[in-house]
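Visitor: Here it is, the structure, as structure tokens.
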Amino acid sequence: MRNLWLFPGQGGQNPGMLDQVDPQLKEQVEKWTNVKLLDTAEGYQDSVQIQLSILLLQIDQVDQLKKLGWQPTLVAGHSLGIFAAAYAAGVINKEDIFKLVTLRAKLMQECYPEGYGMGVVVGLSRPEVKKLVAEVHSDTNPVYISNQNSEMQNTISGKLIAIKQVLALAKENGASKAKLLHVPNPSHSPLMQKTADQLNTFIAQLNLHQPSCIYLANYNGHAVRSLKDIKYDLGNNVIYPVLWETMMQVALEYQPDVSSEFSPGTAFTKLLKAKTDQLHMVTLSAMSIDDADYLFNKWEKKE
Amino acid sequence: MEKLHFEYQNSTPVKKFAHVGVVASGDLEILVYPADGEKTTLDITTGSDGFEKVWQNVLDRFFARYPLNGKFIVHDFGATPGVVNLRLTQAMEALKDEK
Amino acid sequence: MTEEKNWHTHRDAKNARLASASSLFNGKFAKTEDVVEVLNTLIKPGDKVVLEGDNQKQASFLSEALTKVDPERVHDLHMIMSSISCPEHLDIFDLGIASKMDFSFAGPQSTRVSQMIADGTMTVGDIHTYLELFGRLFIDLIPNVVLVAADKVDREGNLYTGFNTEETPTIVEAAAFHDGIVIVQANEVVDKLPRVDIPSDWVDVIIPADKPYQLEPLFTRDPQAITELQILMGMMAIKGIYAKHHVQTLNHGVGFNTSAIELLLPTYGEQLGLKGKICRNWELNPTPTLIPAIESGWVQSIHSFGGEVGMEKYIAARPDIFFVGKDGTMRSNRALGQVAGQYALDMFVGSTLQIDQWGNSSTVTNGRLSGFGGAPNMGSNPTGRRHSTPAWQSLKPDDDPLAKGQKLVVQMVETFGANKKPVFVDHLDAEEVRKEAKLANVPIMIYSEDTTHIVTEEGIAYLYKTDSMEERKAAIEAIAGVTPVGLRSNPEEVKKLREKGIVALPEDLGVRREDAKRSLLAAQTMDDIVEWSHGLYNPPAKFRSWS
Amino acid sequence: MKNSFVELNGRQRAFALVDENSGRELVGPEYDMISPHLEPQKIVPESDDGVILVKGTLNGKNVVVISIEGKFQGGGIGEVSGAKIVAALEEALDDNKNGKTIYPIIILDTGGVRLQEANYGLLSISEIQNSVIALKKYVPVIGLVPGRVGSFGGMSITSAVLSYLITTKKARVALNGPEVIEQEAGVREFDSSDKDLIWNTLGTRQRVKTGIADELVEDDVETIKNAISEAIDQKKDAHRTDKADFYLTLLDKIDFSKPLTTEEYRKIFNETKAEKHEIPSAVSSDTPGDKSRGRLWFEKLTGIKNAKSEYPTVLAAEVDGKEYIAIVPDKNNRFPRVRNGEVGLQEGFVISKIVNKIVEEDKDKEVKRPIILIVDVPSQAYGYKEELIGIHIGLASSAAAYAKARQAGHPVIDFIPGDAVSGGFLAHGLQSNRMIALADKSITIQAMSKASAARITQRTIAELEEATKHVPAMAYDIFNYEKLGALYKLVHDVSSWDANDDAVKEVHELIDEAIASTKDQPTDLRFRYETPIAIESGRKATIKMREMVDDQWEK
């Protein structure tokens, strides 16, 4: 059975989502990172809290599934999600991944205190959004097209003034939705170069391993098998768009039997459902690990 | 959901009521009445936001070929321009029917 | 006199290779578990290798084995495949085993193909039509090794490829008679074959597969998904094209538009009194949606490129219609089917993802280098043809005594496709793709000059009647809805085109849009088709009716 | 060749069933009577709100066809569509009472309550059931479930009260949809992605073999018309809600701690012969039962301490000439899915036996015994076996019993100190002609849990909660419920868990007052449209629709 594991990034966090997480692991993570994980609405105002909590949730689920004997054939993470994906692929150990993400979250928090962010445009194709971005972008007023979540859903990143201009243009040009996202920095754009540099310095000293499965890279949408490519993605995905649509297209070309979306949320399963009805889908935020195990067993038997 | 309103000056009066379609996924219903006044009016409730321009284009093209002067109420549940045109032209056919 | 030239270097090389692997063979047979070593030994760096993989049947046991060969020993292969369908077809490029590809169709792997071309993992020879690819196997792409699949083999090495014979004989022939090595995976080894499709003489190595070759029901369309728009277009096509031109021999591309037509023949076609007058002889894969028309007596014959999962019993029970061997099972042949499609038919009807303002069409869109299936052959007009059929003659211009007729090449599309994206565009994405992938030709599927009709939900453009590119563009604009192309249309022009018979709207054809209902389909569910087939059609699991 | 009925839309279906040129649509799309509740939730309405009424003849017999459009909002019943159905049924009832025979035919293609108008949907469905039960005294009421949607939720309960149910193999009938069961009880209880399992359990091919539907016909217009016409001529009646003894016998045989396949169930079903069951009254005991608001108030109002009964989840007793009935939790019940007080397979049948007995005993009495329902039902039971056996028949049995009792002149009074949710409420509460509720924040009154409703309507829980702010019918609390106008009284100075002596006295008085208020009043459910709140705002659209149907009915 070919299993595609999907790891969402920020956005789906909700208070209490760590309730089911192994308390020992949580404690361990707090020790490694020196961050007390609050798992409250106030806590989730802070992006270090968000990033670490989501990572913890996903790592805990990966551990549980692997303990039950399940392995991914393909892993795909969206932005922050690549770290749990890399962990699931056996590339990086637990302690390092938490330290790496702590650093990433802190760097991101510090890089643009205000005036920068992201927006999303729904209902226009990527080339259409690109055109609008080109109309607005300038060196003093930078804005870039960033994540490609689906064919008709793209994000933009940059200076807020410029983003707002693009969003207004998008509305005029028939976007069904064009709005600012609650993201305080211009993620997945060249404006994050400094963050990437610092991350790469950190990653360079880690002891990493060859992946045990196929890894779908954010930065180019390719299916990669080499450590070098994954390393590059971990360090640099903040400066590239997340080419999710392409990643999913490629993932489907590998003909998986099952997709499993890790917590939090179910958004990526919905996007996948719109593309295909040819695979079984599991969303861990809507069911227990035992339920997922039950379904995997059932489907594996049927094949 | 969005509400749109369009007006046209058309020549062929609608003489009776006609109804086509269902508010089903990817479909729409169209109600056509004789015009209230001089103008042709369309009141559209659509589940797909951001398509005002497309609606304008579909209607311009339709009325250029079939200049019906009537009052239109449209409830749209995400129909493609092709389906919208199909229903509009079906309504046109229903109005022509002698039955 | 100088030393006599050696005129059998190929044979020597082949013999040497086979000899070096002789320890792996018992006669022609190798063991299942030795497959990788067989390939390691018999394939040399730089070889031209044909791996059987069409849009339905895959030599999956051999293709999986090929991913496991040692790249130190086997590398830089030049692959020749009519269809890139499985992940492993591309994995061999990722793994450094292959480096060059000639192909026709890559639909199921089109994103990765694009990526690999862009990053240099794969170089492309050409993106061929099927007949070009088959033809060049005998010209300048003569294979060193071919890897094919058979259903059954007997102890002598004769092959039964049966229902899914497809292109196996063509591939094997190219190797067998030019000292290439023919390696066959077999589902089953038996004492007696139902019939011999390929003689053992042509075969060098047989390896029993660990599981049957992969087979996709590619041509099955569930009638449940046919929409009213497709039914309307089908009605227009039947009345405005099939009946008007007396089309008797034809091919349907894969899709819901043509499935709709097939299911309208016994209902709408019957109402119009067209039975026996149109659609008698077909070159077509055995699509289940044609069953009601066959059962209603519309169809005289069907020759097929390949099989279709679930249709085996039905076809066996209808030998008057299908090409069936003495053993009672169908024989298909893709190369001959393509020849028939290009040269012997009145009409081809297909669909596409984009049509440009001039009428060129392509299924290659941004980021996806899909190549094409049979459409470029079916949908082109070989200039040497000289048919006397009413359809072919009906496209002959009146005013030229030396004029020829033409094959009808029909494109049926809705003006907007998935995601409400316009199908009619000023420029095909394919133009951009050519630049990115550095291809010699823009990957156009069917050229404007070959396209005689376009059908949309708005009406039919009779492009063959236009006498200038300006008029052709105007005719396309008239039926292109509110796409960027269609918006250029003006009512005056449309009126003129309708008067000249270049454009027909439903009312011009006497088609009532209100009649375009699903209840007009002869079958509305897979269950209905099974019923029409008297229980002989057995739909694959993914097409089961849930009721 | 077959002429598919399923492929037709709701309007075409209605006209397809009547003789050519005999059909006349009532309150057609030209009146654009859209639901007022959808647009505020950003949902596109339909001009007929998904119900089509056509009067005409079928083989010369007068019929009114009520067709639910399954493609619009899943055929969900909201205020306007519900009122349209009820109004047509009541007109038909009047005609039949006046000697003008007209046969109602209901085409069920519906998910049940339209969740965006949840509490209106529940009210409407109970009113539909009331009318059907009244009509059955005069004419058979034939149901047709053609498919694709099938008949789900509250409308599956309705399907069980109809005289005769005709179906094609393209349909499913069940109380809870697979997704809801998965949401509420987990994927191991019912895997909603397993189409084999779903169709084998809920598909009509299974259902006709196990008494849930009566006749499976080809999907062909003529065949369907003939089947309906024959059912009318032969006055076919499955008496589905009169089978309490049969089902209680059947349930006795099943071990609910073990798996049960469809084949095993069919065998048990076929082998079961009804045995008479006696339902003794609840009595006092030494051990307290599991706490609930329902139990608390039952014990206080009846004076029975630590009430216990043979069927531990149903407490019923006659005190001072009034019958009190409550459904209560039972932590160790042998039906695992009713342990929190849900209405499961057994409860409905038990209640129907109790109520039918009262009606029978009082048959010749001038003054009929009042029946007091103490309502505290968190929901119906969600489970695979529940659906396999047909929990909706149980729920329909108690609903029918209450309705018949009321129609026979028994005051049927709700006292609501606890939750009143979904199918549980339809079975035990919504057939009353007076509802008294406590103004207590702890009370949930709705058609579905938030998690399930969010999943089915594809919204997040936050979006759902946002919608409840603007649309009272979507809300989950008794205060918003009051705005619909259905309550007889909302009691502000008594809280759910505080049944002190004063409170009990006050409630007793209110119940007596409510009983008195039914004297010489209609025995149907129209009280709900006639309260000041209903007239002013709560049921405006209902009232308007009733007037229009009445105007156009043609006496």
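Visitor: What tally of residues in segment C:353-381 results from selecting those that are assigned to a strand (DSSP E or B) and aliphatic (A, V, I, L, M)?
Guide: If we filter segment C:353-381 for residues that are assigned to a strand (DSSP E or B), which is where we start, we get C:354-356, C:361-362, C:365, C:368, C:371.
Then drop every residue that is not aliphatic (A, V, I, L, M), which leaves C:355.
Residues that pass the stated criteria total 1.
Visitor: Being in a helix (DSSP H, G or I) and either within 21 Å of A:E110 (Cβ to Cβ) or more than 14 Å from chain B (Cβ to nearest Cβ) (or both) is the requirement here; does A:V166 meet it?
Guide: yes
Visitor: What is the one condition in (1) touching a residue at least 12 places away in the same chain (Cβ under 8 Å); (2) open to solvent by less than 10 Å² (accessible area, probe 1.4 Å) that D:N480 does not satisfy?
Guide: D:N480 satisfies every listed condition except (2).
Visitor: Out of all the residues in segment D:162-197, which are modelled with pLDDT of 95 or more, within 14 Å of chain C (Cβ to nearest Cβ) and closer than 24 Å to D:S379 by Cα?
Guide: Hits for segment D:162-197 are D:R172, D:V173.
Visitor: Criterion first (among the small types (G, A, S), surrounded by fewer than 23 Cβ atoms within 10 Å (Cβ to Cβ) and out of contact with any Lys or Arg (no Cβ under 6 Å at 6 or more places or on another chain)) does C:G107 satisfy it? Steps first, please.
Guide: Values: among the small types (G, A, S): yes; surrounded by fewer than 23 Cβ atoms within 10 Å (Cβ to Cβ): yes; out of contact with any Lys or Arg (no Cβ under 6 Å at 6 or more places or on another chain): yes.
When the stated conditions are applied, C:G107 passes them.
Visitor: Please report, ordered by residue number, the helices (runs of 4 or more DSSP H) entirely within segment A:1-112 with at least 3 residues that are small (G, A, S).
Guide: The helices (runs of 4 or more DSSP H) meeting that bar are A:81-88.
Visitor: I've got another one for you. Report the residue count in segment C:382-437 for those that are of a type in the set (S, T, Y) and outside any loop (DSSP other than H, G, I, E, B).
Guide: 1
Visitor: While we're here: Sort through A:G69, A:G90, A:G123 and tell me the only one that's open to solvent by 10 Å² or more (accessible area, probe 1.4 Å) and assigned by TED's automatic domain parsing to the domain that holds A:N154.
Guide: Among A:G69, A:G90, A:G123, only A:G123 is open to solvent by 10 Å² or more (accessible area, probe 1.4 Å) and assigned by TED's automatic domain parsing to the domain that holds A:N154.
Visitor: Select from segment C:55-92 the residues that are part of a loop (DSSP other than H, G, I, E, B) and within 14 Å of chain A (Cβ to nearest Cβ) and write down the one among them that is most open to solvent (accessible area, probe 1.4 Å).
Guide: The qualifying residue most open to solvent (accessible area, probe 1.4 Å) is C:P71.
Visitor: Against the condition closer than 21 Å to C:E88 by Cβ, part of a helix (DSSP H, G or I) and assigned by TED's automatic domain parsing to the domain that holds A:L100, how does A:D229 come out, does it pass? Step through it out loud before you land on a result.
Guide: Numbers: closer than 21 Å to C:E88 by Cβ: yes; part of a helix (DSSP H, G or I): yes; assigned by TED's automatic domain parsing to the domain that holds A:L100: yes.
For A:D229, the condition - closer than 21 Å to C:E88 by Cβ, part of a helix (DSSP H, G or I) and assigned by TED's automatic domain parsing to the domain that holds A:L100 - is met.
Visitor: Let me ask another. Could you please find all residues in segment D:72-98 being polar (S, T, N, Q), closer than 15 Å to D:G111 by Cβ and away from chain B (no Cβ under 14 Å)? Full working, then the answer.
Guide: Here is the first cut: in segment D:72-98, the ones polar (S, T, N, Q) are D:73, D:81, D:96, D:98.
Keeping just the survivors that are closer than 15 Å to D:G111 by Cβ gives D:73, D:81.
Matches in segment D:72-98: none.
Visitor: Can you pull out the residues in segment A:80-97 that are farther than 19 Å from A:L65 by Cα and within 15 Å of the chain's Cα centre (by Cα)?
Guide: A:L80 - this is the single residue of segment A:80-97 that is farther than 19 Å from A:L65 by Cα and within 15 Å of the chain's Cα centre (by Cα).
For (1) in contact with a His (Cβ under 6 Å, 6 or more places away or on another chain); (2) within 30 Å of C:I291 (Cβ to Cβ); (3) at the interface with another protein chain (Cβ under 7 Å from one of its Cβ atoms), each residue gets a yes or a no:
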| site | (1), (2), (3) |
| --- | --- |
| D:V6 | no, yes, no |
| D:N9 | no, yes, yes |
| D:R13 | no, yes, no |
| D:V18 | no, no, no |
| D:G28 | no, no, no |
| D:M33 | no, no, no |
| D:V44 | yes, no, yes |
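Visitor: While we're on this one: Only one of C:E3, C:E37 is of a type in the set (D, E) and either part of a loop (DSSP other than H, G, I, E, B) or within 14 Å of another protein chain (Cβ to nearest Cβ) (or both); which?
Guide: C:E3
Visitor: State yes or no: is C:S362 closer than 30 Å to B:V58 by Cα, of a type in the set (S, T, N, Q) and touching a strand residue (DSSP E or B) at 6+ places or on another chain (Cβ under 9 Å)?
Guide: yes
Visitor: Let me ask another. Would you be able to say whether some residue in segment C:270-280 is among the β-branched types (V, I, T) and away from chain B (no Cβ under 14 Å)?
Guide: So far as segment C:270-280 goes, yes, one or more of its residues are among the β-branched types (V, I, T) and away from chain B (no Cβ under 14 Å).
Visitor: When residues of segment A:52-66 are filtered for being of a type in the set (S, T, N, Q) and open to solvent by 20 Å² or more (accessible area, probe 1.4 Å), how many remain?
Guide: 1
Visitor: Right, here's the next one. What helices (runs of 4 or more DSSP H) lie completely within segment C:462-547 and have 1 or more residues being within 12 Å of chain B (Cβ to nearest Cβ), surrounded by 22 or more Cβ atoms within 10 Å (Cβ to Cβ) and without any contact (Cβ under 8 Å) to a residue 40 or more places away in the chain?
Guide: C:469-479, C:491-499
Visitor: Tally the residues that are open to solvent by 50 Å² or more (accessible area, probe 1.4 Å) and outside any loop (DSSP other than H, G, I, E, B), restricting the search to segment A:203-218.
Guide: 1
Visitor: So C:D102 clears everything in (1) open to solvent by 10 Å² or more (accessible area, probe 1.4 Å); (2) part of a strand (DSSP E or B) except one condition, right? Which one?
Guide: The number of the failed condition is (1).
Visitor: Ok, one more. Do we have D:V491 as out of contact with any helix residue (DSSP H, G or I) (no Cβ under 6 Å at 6 or more places or on another chain) and open to solvent by less than 20 Å² (accessible area, probe 1.4 Å) here?
Guide: Judged against the criteria, D:V491 is a match.
Visitor: Restricting to segment C:164-223, what's the tally of residues that are among the aliphatic types (A, V, I, L, M), within 26 Å of the chain's Cα centre (by Cα), open to solvent by 20 Å² or more (accessible area, probe 1.4 Å) and farther than 27 Å from C:H303 by Cα?
Guide: Kept after step one, since they are among the aliphatic types (A, V, I, L, M), are these residues of segment C:164-223: C:171-172, C:174-176, C:181-184, C:186, C:189-190, C:193, C:196, C:198, C:203, C:205-207, C:209, C:215, C:218.
Okay, now just the ones that are also within 26 Å of the chain's Cα centre (by Cα), so C:171-172, C:174-176, C:182-184, C:186, C:196, C:198, C:215, C:218.
Filter once more, so that each one left must be open to solvent by 20 Å² or more (accessible area, probe 1.4 Å): C:176, C:196, C:215, C:218.
Narrowing further to those that are farther than 27 Å from C:H303 by Cα: none.
Final tally of qualifying residues: 0.
Visitor: A follow-up question, please. Quick check on segment D:116-130. Is at least one of its residues assigned to a helix (DSSP H, G or I), on the phi > 0 side of the Ramachandran plot and open to solvent by 10 Å² or more (accessible area, probe 1.4 Å)?
Guide: No, segment D:116-130 contains no residue that is assigned to a helix (DSSP H, G or I), on the phi > 0 side of the Ramachandran plot and open to solvent by 10 Å² or more (accessible area, probe 1.4 Å).
Visitor: If you check every pair at least six apart or on different chains, which have Cβ atoms under 6 Å apart with a residue in segment D:128-139 that is over 13 Å from D:E91 (Cβ atoms) first and a residue that is open to solvent by less than 10 Å² (accessible area, probe 1.4 Å) and of a type in the set (S, T, N, Q) second?
Guide: Taking only residues 6 or more apart or on different chains, the pairs are D:I128/D:T158; D:Q129/D:T158; D:K136/D:S163.
Visitor: What's the number of the condition A:L180 fails, among (1) more than 13 Å from every other protein chain (Cβ to nearest Cβ); (2) touching a Phe, Trp or Tyr at 6+ places or on another chain (Cβ under 9 Å)?
Guide: The failed condition is (2).
Visitor: Here is a check on your reading of the model: is D:G344 assigned by TED's automatic domain parsing to the domain that holds D:I443 and within 22 Å of D:A499 (Cα to Cα)?
Guide: Against the criterion (assigned by TED's automatic domain parsing to the domain that holds D:I443 and within 22 Å of D:A499 (Cα to Cα)), D:G344 does not qualify.
Visitor: Please determine, by comparing only the residues of segment C:349-359 that are under 13 Å from C:N257 (Cα atoms) and in contact with a helix residue (DSSP H, G or I) (Cβ under 6 Å, 6 or more places away or on another chain), which one is most open to solvent (accessible area, probe 1.4 Å).
Guide: C:S351
Visitor: Residue by residue through segment B:27-80, note down the ones that are of a type in the set (D, E, K, R), outside any strand (DSSP E or B) and at the interface with another protein chain (Cβ under 10 Å from one of its Cβ atoms).
Guide: Within segment B:27-80, B:D27, B:D49, B:E52, B:K53, B:D60, B:R61, B:R65 qualify.
Visitor: Pairs under 7 Å by beta carbon, first residue within 13 Å of chain A (Cβ to nearest Cβ) in segment C:104-125, partner basic (K, R), six or more apart or different chains?
Guide: C:S110/C:R368; C:T111/C:R368; C:S114/C:R368
The values are calculated or read from the model by the stated rules, or taken from the named source; none is laboratory data. Treat the numbers as computed from the prediction; the structure is a model and nothing was measured. Please note: Cβ atoms are built from the backbone with ideal geometry, for glycine as well, and neighbour counts cover all protein chains shown. SASA here: full protein model, heavy atoms, side chains in, ligands and nucleic acids out. Shrake-Rupley method; radii C 1.70, N 1.55, O 1.52, S 1.80 Å.
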